[in-house]
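Here the structure is laid out as structure tokens; the discussion comes afterwards.
Values in this text are rule-based calculations from the coordinates and carry no lab data. Since we're looking at a predicted model, the values are computed, not measured. Neighbour counts are summed over all protein chains in view; Cβ atoms, including those assigned to glycine, are modelled from backbone coordinates with ideal geometry.
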Amino acid sequence: MLKYNFLPLLAGFLLIPFICGCAYFEKGVPQEVTIVSYPTECSIYINGEAIGVTPIVIELPRKIAHEVRLSKFGYNQAVKYFTPVPNDKNKNFIRFGLPEDLGYYVDLNPRSLNADMKSELVPASLGSDPFEKMAIQALEADRRLQNGEISSDEHKYIIEQIISFFEENV
């Protein structure tokens, strides 16, 4: 008859939740958040770590702030933040124990992060001849469309940004 020593196995099962749970005490339990951008397929970096491309639904620890950097060739980088804010449970008169330690009294805000990326073709200033500059930027957008560097939707989006810039500043 074989005898097994179950004590190490039992100790392992008891220690795993404790070891994994330490991160939850420090950073909070994960919360599902959504990151969307226009144009789509922007690279996502959260706290400096590459995560994937937009659109994406991920889980982030809720007790700490997260810097989200979006980048795509031909567009200026966008930097946004998920920040912990008190939720409705925070209004409870008594707050202690595991819910407090695990961050159940805060939620990341916003739950859905939307970023409209600004094209690099949108100028920073009008220059001496604004209409010539607008034509040059629009022709560059046309060239990128013809070369397959951008989609027709992105082309429309970039042209709208260029026109809006000149309408607001001329």
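Structure above, values below:
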| quantity | calculated |
| --- | --- |
| Two-site FRET efficiency, Thr83 against Ala135, from Cβ-Cβ distance with R₀ of 35 Å, rounded to 0.05 | 0.25 |
| Computed E for Ile163/Asn109 - FRET, C-beta separation, R0 22 angstrom, nearest 0.05 | 0.10 |
